[in-house]
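Here the structure comes first, spelled out in C-alpha cells, and everything after it is commentary.
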Number of protein chains: 2
Amino acid sequence: MNQLYNFSAGPAVLPKKVLQQARDEMLNWHGSGMSVMEMSHRGKAFISIVEELKHDLCELIDIPSNYKILFLQGGASSQFAMVPMNLLRGKTNADYIHTGQWSEKAIKEAKRYCSVNIAASSKDAQCTYIPSQNQWQLSSDAAFVHITTNETIGGVEFHWTPELASENETPLVADMSSNMLSRPFDVTKYGLIYAGAQKNLGPAGLVLVIIREDLVGSALPGTPSLFDYQTHIDNDSMYNTPPTYAIYIMGLVLKWLKDQGGLAAIEQTNIQKAALLYDYIDTSTFYHCPVAPQDRSRMNVPFTLRDPALDNAFLEQAAANGLVQLKGHRSVGGMRASLYNAMPVEGVIQLVEFMKEFANTYD
Amino acid sequence: MNQLYNFSAGPAVLPKKVLQQARDEMLNWHGSGMSVMEMSHRGKAFISIVEELKHDLCELIDIPSNYKILFLQGGASSQFAMVPMNLLRGKTNADYIHTGQWSEKAIKEAKRYCSVNIAASSKDAQCTYIPSQNQWQLSSDAAFVHITTNETIGGVEFHWTPELASENETPLVADMSSNMLSRPFDVTKYGLIYAGAQKNLGPAGLVLVIIREDLVGSALPGTPSLFDYQTHIDNDSMYNTPPTYAIYIMGLVLKWLKDQGGLAAIEQTNIQKAALLYDYIDTSTFYHCPVAPQDRSRMNVPFTLRDPALDNAFLEQAAANGLVQLKGHRSVGGMRASLYNAMPVEGVIQLVEFMKEFANTYD
C-alpha cells in the first residue's frame, strides 16, 4: 500500500523504526527466546529495559536526583485525582489555569478533593489563547498551581514557563501529556509533571510521572494505595505489575528520539512542521484556525473549512490520499492535524499539498 | 535457538500463534496501514476490535445481559480498592477468605475502607489448603464475600464454587486473575469478577472486570472517578484512553482459545498438564509439594528440592535445557512452575524429564 500519514490526536503515530524493531523482537527479545510481554517484571531482562529507559530519559531531559521517575497506569485521568489526593499537604485550596477541555477535566476532578481557584481562564474566548501570567490571580494559600501545557482539542500550547514567586512552597504541576518530549524544558521549574504516553511517548496504558520527592508522603486519608505516589516510590514503580510492554515501546521511542538529535533537534523539526501548516492556513481564505497566533500548539492544529458542508468530502479525499484521522474532536468539529514527534515533515508537506488542491477544486 | 519453555508466574507465556499474528500485523493491521498502537480508541477500527473481543468472551463464558464487561487499568491491585469503594452500599463490613498472599493484599487494602471479617483462613497451615465452606464463619451483615480463586504464590486453587445462601444480598466477589479462562465457570454465581490480564488473558496493564450492574452506583464519597465502576459503565470503558494494544492482544488470545476448543477443552489440557507434574512430584522423594492434594492449583505448582543447596544448580541446568523462570517466589523459596493455558503439554513433559534426570544425578 501507499505511504499513509496518521494525524490522530492519540493514540497516535509512532516512529516506523520503533514499530519495525518491536515487530522483529516480538517473539525473541535480544536472544532471550521470549517476547517482552512474556517476561516477569522482576526478572533481569525487564529490569534492564526499565533502567535503560530511565537512563535515556535523563539524557534527554536533565532530571535532578531529588525527582523520582514513575511509570504508572490510568493515564492523565488518574493524575487528575492523584495530584490533589497527594499534594494538598494540609491545605484545602489549589490554583488551576483553565485553557481548554483537559484543564477542565483536571479541575472537575480536583473539586472533589479541594477548593479550586481558577486563577486564569480563556473560556471567555472558547479557550483559543493562553492567559498571560500577568492576568493570573493566584491565591496566597494554594497547595499547588496546575497548568495543562498543551490542549489537544483547542490547540493551544504554553510556549513559556510560568515563574512562581515561591516555587518551593507552591509547586507548579503540569499535565504535559500532549507535548512531553517535543521540546526541551526545565524540570526544576515544576514540582510534578505527568504525561500519558499515547501522544509522544508510546502506546496507551502508561503514564509517566516526574515528581519532586519532598512533595510526597501526605496523601489524603482514604487514598487507594495505588493512588499514593509514596507507594510507587517505595516500590520503584513495581508495587503492582507495571504495563511492561508499553514501557518497552517507550524505551524504543526514546532511542529513536536520541537518534533524531534529542529534544533541541526535535523541537526544530516540530517548529518547522507547525509553521508549514499554520503559514498555509493563514494565507488561505478557504481554511481558518481560530487560535491566537502566539499560543498555537505545535502538536495539534485545529482548523475549519469555510463551508462545513465540505467536511466529509475533505475527510474522504484526504483518506484516499493516505492522510487519515484528520477529523476534529466531536466537541468542536472541523479538522485537526496532530503533528507529534513521529509525524515526518513529509507528512505535513503532503497534507498542505492536498489542502491546496482541495481548496482550488472547491473554492 | 532451541525451543524455550517459560514457566513465569506472570507476566507469562503467550500462545506462539498470538505473538506471530501480532508481529505480522505490527505495522499494518488488516490493511489499515497502521499499527493497533497508533489507532484512535474512538475510531471504527479499534471499536471493531473491542466489539469482537466482547463477542468472543461471551462465546467462551456465558455472560448474562445484566452483567457489564469492563476493560480497566491498574491490575488486580486497583480492584483491591475499587471493590470496597464501590460495593459497600451503605454497609460497613465485608467477609474475606484468606487463602494466601493475594487474598492478604486484598484484605489489607479493604481494611482501609471497611471492617473486614476473615470468615476463613488457612494461615494456620501456611495457606497450603482452601478452607471448606462448612468452616466459613460468614457475618450476617457483610456487603460482599471475597475470594481469590487461585493463589499464584502458595499454589492453591478453588476447585469448587461457594454457594451463598442469599447471593443477591451478599454477592460473591472473586479475584480470578490467575485462573481466569482456564476452566468453565458460572458467572451468575458471582456479583463481581476481576482478573489482571498478565496470566491467561494477555499482557500486563489490563484488568478485566465482569460486574452485575445492580451492584454499581453507590461508590464511597471521595472515590476517584476512575475508581468508580459507574464511570466506566457509563462510558463503555472509554472514559479515558484504554490500554488499546493490550486489549488487542487479549482479543487474539481469545481467538486462540476458541481454536483450542474453548474452556471445556482447555480445562482438560490443564488437568492433564497439572497431573503430569504433580504425579511425578508425589512419586519422588527428591521433590516435595506442600499443598493439600485436593486444593492444588493447576496454574501454579510450587515445589521444593530435598536439599535447598541444590536450588541454584537446578535453576541453571533447567535454563540450559530451555526451561526458564522456574524460581519460586522470593517469599517462599524453592521452585514454581506456572502452567497457564499457553504452556504446551510438551513443556511440562520436558520439565518432568529434566526433573527426573536432575534427581537421578543428585539423589
How much FRET efficiency would the formula 1/(1 + (r/R0)^6) give for B:GLU163 and A:ASP234, where r is the Cβ-Cβ distance and R0 is 51 Å, rounded to 0.05? 0.80
Please list A:317-326, A:64-73, B:354-363 highest first by mean number of surrounding beta-carbon atoms within 10 Å per residue. A:317-326, A:64-73, B:354-363
Taking chain A and dividing mean pair separation by its residue count, relative contact order in percent (alpha carbons under 8 Å, at least six apart): 23
Per-residue mean of C-beta atoms belonging to partner chains within 10 Å, peptide A:21-29: 4
Karplus-derived 3J(HN,Hα) from phi for the stretch B:103-118 (6.51 cos²θ - 1.76 cosθ + 1.60, θ = phi - 60°), whole Hz, x at Gly and Pro, runs 5, 4, 5, 4, 5, 4, 6, 4, 4, 6, 10, 7, 7, 9, 9, 7
Alpha carbon centroid spacing (whole Å) that separates the stretch A:273-335 from the stretch B:174-230: 41
The farthest towards the positive end of the charge dipole of the stretch B:1-114, of the residues B:LEU53, B:SER78, B:VAL18, given +1 on Cβ of Lys and Arg and -1 on Cβ of Asp and Glu, is B:SER78
Apply the Karplus curve 6.51 cos²θ - 1.76 cosθ + 1.60, θ = phi - 60°, to the phi angles in the stretch A:338-343 and return the couplings in whole Hz, x for Gly and Pro. 8, 10, 5, 2, 7, 7
Normalised Cα Rg of the protein assembly as shown, dividing by 2.2 N^0.38 Å with N its residue count, works out at 0.98
Place a +1 charge on the Cβ of each Lys and Arg in the stretch B:1-65 and a -1 charge on the Cβ of each Asp and Glu, then give the dipole magnitude about the Cα centre in debye, rounded to the nearest 20. 200
With each pseudo-label sitting 7 Å past Cα toward Cβ, what's the B:HIS55-A:ASP141 distance in nm, one decimal? 5.8
Potential lengthening between B:SER115 and B:ALA319 on full extension [0.36 nm per residue; Cα-Cα distance subtracted]: 68.8 nm
Cα-based Rg of the stretch B:261-362 per 2.2 N^0.38 Å, rounded to two decimals? 1.04
Ranked highest first by average number of other Cβ atoms within 10 Å, how do B:207-213, A:288-294 line up? B:207-213, A:288-294
Per residue, the convex hull volume that the Cα atoms of chain A enclose (Å³): 134
How big is the charge dipole of the stretch B:261-362 about its Cα centre, in debye rounded to the nearest 20, if each Lys and Arg gets +1 on its Cβ and each Asp and Glu gets -1 on its Cβ? 240
Shielding of A:314-325 by partners, i.e. mean partner chain Cβ atoms within 10 Å per residue? 1
What is the mean number of Cβ atoms from other protein chains located within 10 Å of the Cβ atom of each residue in peptide B:70-79, rounded to a whole number? 5
Rounded to the nearest 20 debye, what is the charge dipole size of the protein assembly as shown about its Cα centre when +1 sits on each Lys and Arg Cβ and -1 on each Asp and Glu Cβ? 100
Measuring from a point 7 Å out along Cα→Cβ, what nm distances, shortest first, does B:LYS17 have to its partners in the other copies? 3.7
Label spacing, shortest first and in nm, from A:LEU276 to its equivalents in the remaining copies (7 angstrom along Cα→Cβ): 5.6
Using DSSP to define loop residues, name the trypsin sites (Lys or Arg not before Pro) in the stretch A:274-315 whose beta-carbon has at most 15 other beta-carbon atoms within 10 Å. A:ARG306
Could you list the square roots of 5 times each eigenvalue of the Cα gyration tensor of the stretch A:261-312, that is, the equivalent ellipsoid semi-axes, sorted largest first and rounded to whole Å? 26, 10, 9
Per 0.36 nm of contour for each residue apart, how much would the distance between A:THR285 and A:ASP186 grow if the chain were fully extended, relative to their Cα-Cα spacing? 31.8 nm
How far is B:THR92 from itself in the other copies, in nm, if each label sits 7 Å out from Cα along the Cα-Cβ line, shortest first? 2.5
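Since every read-out is calculated from the coordinates, none of them should be taken as a lab result. What you see is a predicted model; the values in this text were computed from it and never measured. Quick reminder, even Gly has a Cβ in these numbers, built from the backbone with ideal geometry, and neighbours come from all protein chains shown.
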